[in-house]
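To start, the structure under review is shown below, and the notes come after it.
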Amino acid sequence: MQFDPIVYEDFLPVSAAGIFQSNLGDDAAQEFVASPNQQRFELDLGAKVLNEFDHYAGIEHASIADVRQMLSSAQAAE
């Protein structure tokens, strides 16, 4: 049996990314900082952003379901 940990990955929120961009000194970065929002971030990214809480909860629930099934199969084999 093998156990793999869930790796939680984090990234800077839009506002923090905008602050770092503002250090570059261009006007576009200033606009980005002034109105950080998920829609603009997703538009610039070109993809929808996952809700990390839902994503990791899904991984956790799948893991629990897998363990329950393995335990059930092991008990049935006894």
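The values are calculated or read from the model by the stated rules, or taken from the named source; none is laboratory data. All figures in this text were calculated on a predicted structure; none of them were measured in a lab.
Brief remarks on what is shown
- GLY25 being on the phi > 0 side of the Ramachandran plot and modelled with pLDDT under 85: yes
- Qualifying residue in the stretch 37-51 (condition: under 22 Å from VAL7 (Cα atoms) and part of a helix (DSSP H, G or I)): no
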